[in-house]
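This report refers to the structure that appears directly beneath it.
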2 protein chains.
Amino acid sequence: MLKKKPLILLTNDDGIYAPGIFALYKEMEKIGRVIVVAPSGEQSAVGHAITLTDPLRVTKAVRRGKLFGYAVSGTPADCVKIALVSILKEKPDLVVSGINLGPNLGINVIYSGTVSAATEGTMFDIPSIAMSLGTFEDPDFSVAAKFARKLSCIVLKKKLPKGVLLNVNVPAISEKKIKGIKITHQSKITFKEKFEKRIDPRKRTYYWMAGSVKPPRESSDADFQAVKEGYISITPVHYDMTAYEELENLRSWKL
Amino acid sequence: MLKKKPLILLTNDDGIYAPGIFALYKEMEKIGRVIVVAPSGEQSAVGHAITLTDPLRVTKAVRRGKLFGYAVSGTPADCVKIALVSILKEKPDLVVSGINLGPNLGINVIYSGTVSAATEGTMFDIPSIAMSLGTFEDPDFSVAAKFARKLSCIVLKKKLPKGVLLNVNVPAISEKKIKGIKITHQSKITFKEKFEKRIDPRKRTYYWMAGSVKPPRESSDADFQAVKEGYISITPVHYDMTAYEELENLRSWKL
């Protein structure tokens with residue numbers, strides 16, 4: 001008897017009709033049964049938000065004349081939760097989130113809807129991957145999509161340690177210019193924070209967030225530098241945020 | 001010449017008119033100059049969201065006839081960013097977020113607007129504390145507020161290591177029933193995820209997220225168990241999510 005092909009759940013934070021998730025879908029179809037459950041609209045920089053105060057709606061989404069998946073009126077984390085609890089009849093073998101338009105490097109990981117969706121997969125003990133492309137303009141998702149397929153095959157075989165997901169960032173360059181793959185840690189980039197103050201036609205003040213990244217000097221073992229140098233960056237990410245190295249110090253405080 | 005009293009920035013995720021932040025304000029006024037910059041409405045479970053696609057509005061908020069602070073039409077993380085970049089003339093000595101109505105324990109930390117605000121403070125190299133009260137009902141914030149003041153005095157003196165905030169959870173019991181203080185790690189609680197399916201008056205389906213916590217068997221060195229046993233829990237939290245222990249393992253994969 002033939003073994004069933006693996007079931008792969010795709011989601012993202014750019015919305016179910018974004019080009020990045022479609023590029024991913026076309027590659028992943030080659031290796032498994034693919035189901036998409038993704039936000040109905042753009043959900044960038046939502047962090048690890050979940051929707052508690054509003055009801056969620058789920059609607060079928062069609063692309064190129066066939067059922068593509070389910071659009072959810074919520075965040076990426078909502079999508080993975082509702083997919084696993086209420087939409088899918090079978091537990092997926094893999095969750096892949098992306099391909100995000102724009103990198104998720106360094107501290108940006110905590111603002112990332114793409115990564116939070118993969119984190120939800122991990123919380124359900126499903127191997128999970130977050131995929132991002134290092135550009136906001138004129139994206140070509142094909143290199144990242146092919147790499148997602150290759151990495152997925154390996155992860156399906158090797159699995160991932162409990163509580164750990166892979167945060168993958170692909171530089172926006174042609175396949176032959178990619179220097180290789182680096183296993184990296186989260187870079188210590190900081191922001192140059194800025195708010196642009198403007199006046200609306202009714203003479204009221206409003207602000208646009210307009211910060212930019214301040215890249216640090218780091219080796220290519222840090223995610224930001226690796227992508228900058230032309231490597232695909234893979235960072236193992238977990239969600240235990242305890243600063244264990246500080247436990248003893250704090251216990252010495254007289255509280 | 002007298003030294004200026006420390007400047008303390010308060011924020012929260014329950015909104016600027018929530019009782020928890022007012023209780024905190026009254027205590028913190030005893031030790032410093034206090035300024036509040038908090039969301040204009042409730043922002044629970046927003047995770048580490050920031051507002052990129054909408055402009056932010058800032059309005060003055062008055063409580064009991066005097067200027068209390070500034071209400072921001074955004075998330076807790078937005079509030080701290082805009083306070084530090086555009087509202088305050090001087091860098092605060094301390095950021096305190098809360099007091100949240102409801103605990104922020106274990107994995108819930110990643111969904112928490114309260115903790116994300118303190119994380120933003122840390123990213124600006126300001127010692128930061130997230131305060132939560134372990135109940136959703138009939139809250140008495142006084143014990144938590146007094147403890148926030150006491151802990152703030154210590155943190156103002158000792159500072160905190162770079163990149164580390166304190167996530168504090170106070171059990172909702174009387175002061176004399178509190179057993180003491182535990183320095184804890186993030187508990188490994190999981191969720192029993194559930195969505196309630198309902199039909200609206202127009203016969204359309206919608207879902208409410210309705211998960212509940214599955215507490216694990218852990219010692220009182222874990223935040224969840226510590227609060228359950230009647231201790232105030234203090235967890236040092238950082239935002240480097242790299243699973244360092246997996247770097248070598250991944251490097252041994254043939255990629």
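Coordinate-derived values only; no laboratory data. Please read these numbers as outputs of a predicted model, since none were measured by experiment. All Cβ positions, glycine included, derive from the backbone under ideal geometry; neighbour counts span all protein chains shown.
Taking the Cα centre of region B:46-168 as origin, sum charge times position over the Cβ atoms of Lys and Arg (+1) and Asp and Glu (-1), and report the length of that vector in debye to the nearest 20.
Approximately 600 debye in magnitude.
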Inter-part distance where region A:82-142 and region B:66-106 are each reduced to a Cα centre, Å: 29 Å
Considering the dipole of region B:167-216 built from charges on the beta carbon (Lys and Arg +1, Asp and Glu -1) around the Cα centre, which of B:ALA210, B:ILE178, B:THR190 is farthest to its positive end? B:ALA210
Return the sequence-ordered ³J(HN,Hα) values of region B:42-48 in whole Hz as given by the Karplus equation 6.51 cos²θ - 1.76 cosθ + 1.60 applied to θ = phi - 60°, using x for Gly and Pro. 5, 9, 5, 6, 7, x, 9
Evaluate the charge dipole of the protein assembly as shown about its Cα centre and quote only its size in Debye, nearest 20, assuming +1 on the Cβ of each Lys and Arg and -1 on the Cβ of each Asp and Glu. 360 debye
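Could you work out [θ]222 nm for chain A from helices alone, using -39500 (n - 2.57) per DSSP H run of at least four and dividing by all its residues? Round to the nearest 500 deg cm²/dmol.
On the way: 6 runs with 56 residues, N = 255.
Here the helix-only value at 222 nm equals -6500 deg cm²/dmol.
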Using the Cβ atoms and a cut-off under 12 Å, what net charge is assigned to the surroundings of B:LEU88, where Lys and Arg are +1 and Asp and Glu are -1? +2
Just want to confirm a number: the relative contact order over chain A, from Cα pairs under 8 angstrom separated by 6+ residues, in percent. 17 percent
With the dipole of region B:53-103 defined by +1 on each Lys or Arg Cβ and -1 on each Asp or Glu Cβ, the option from B:LEU94, B:ALA77, B:VAL62 whose Cα lies farthest towards the positive pole is B:VAL62
Roughly how large, in nm² to one decimal, is the mean projection of the convex hull of the alpha-carbon atoms in region B:32-105? 6.0 nm²
What does the charge count near B:ILE8 come to, summing +1 for each Lys or Arg and -1 for each Asp or Glu among other residues with Cβ under 13 Å from its Cβ? +3
If you take every DSSP beta bridge fully contained in the protein assembly as shown, what fraction is antiparallel? Give it as a percent rounded to 5. 45 percent
Between copies, how close do the A:THR190 label points come, placed 7 Å along Cα→Cβ, listed in nm from shortest? 4.0
Measuring from the axis that superposes chain A on chain B, report the chain A residue with the minimal C-beta distance, rounded to whole Å. A:GLY47, 2
Bridge orientation stat for region A:1-153 from DSSP, antiparallel percent rounded to 5, came to 25 percent
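Would you order B:HIS238, A:HIS185 from fewest to most other beta-carbon atoms within 10 Å of each residue's own beta-carbon?
Ranked by crowding around the Cβ, least crowded first: B:HIS238, A:HIS185.
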Long-range amide H partners of B:GLY134, meaning residues 5 or more apart or on another chain whose placed amide H is closer than 5 Å, are B:VAL170, B:ALA172
Using the alpha carbons of the protein assembly as shown, what is the convex hull volume per residue in cubic angstrom, as a whole number? 187 Å³
How high is the FRET efficiency from A:ASP200 to A:TYR244, r the C-beta distance, R0 45 Å, rounded to 0.05? 0.40
Too long for a 23 Å Cα-Cα cut-off, among A:LYS91/B:LYS192; B:LYS3/B:LYS91; B:LYS81/B:LYS162; A:LYS4/B:LYS194; B:LYS60/B:LYS81; A:LYS194/B:LYS3, are A:LYS4/B:LYS194; A:LYS194/B:LYS3
So what is the relative contact order of region A:146-255, in percent, for Cα pairs below 8 Å that sit 6 or more residues apart? 35 percent
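Give, as a single signed number, the net charge of other residues whose beta carbon lies under 12 Å from the beta carbon of A:HIS48, with Lys and Arg counted +1 and Asp and Glu -1.
Surrounding charge for A:HIS48 is -2.
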Give the relative contact order (percent, whole number) for region A:1-105; include only Cα pairs under 8 Å separated by 6+ residues. 38 percent
Sort shortest first the distances from B:GLY65 to its counterpart in every other copy, using label points 7 Å along the Cα-to-beta-carbon line, and give them in nm. 7.4
Interatomic Cα distance distribution for region A:102-206, bins of 10 angstrom, percent: 13, 36, 29, 12, 7, 2, 0
Arrange B:SER252, A:SER116, B:SER219 by Cβ neighbour counts within 10 Å, fewest through most, would you? B:SER252, B:SER219, A:SER116
Within straight-line cross-link reach of A:LYS150, aspartates and glutamates at Cα separation under 16 Å, skipping those fewer than 8 residues along the same chain: A:GLU27, A:GLU29, A:ASP93, A:GLU175
Label spacing, shortest first and in nm, from B:GLU29 to its equivalents in the remaining copies (7 angstrom along Cα→Cβ): 6.4
So what's the gap between the Cα centers of region B:196-255 and region B:161-178, to the nearest angstrom? 19 Å
Residue order, fewest to most beta carbons within 10 Å, for A:GLU175, B:GLU27, B:GLU42: A:GLU175, B:GLU42, B:GLU27
What's the magnitude of the charge dipole for chain B around its Cα centre, counting Lys and Arg as +1 and Asp and Glu as -1 at the beta-carbon? Answer in Debye, nearest 20. 640 debye
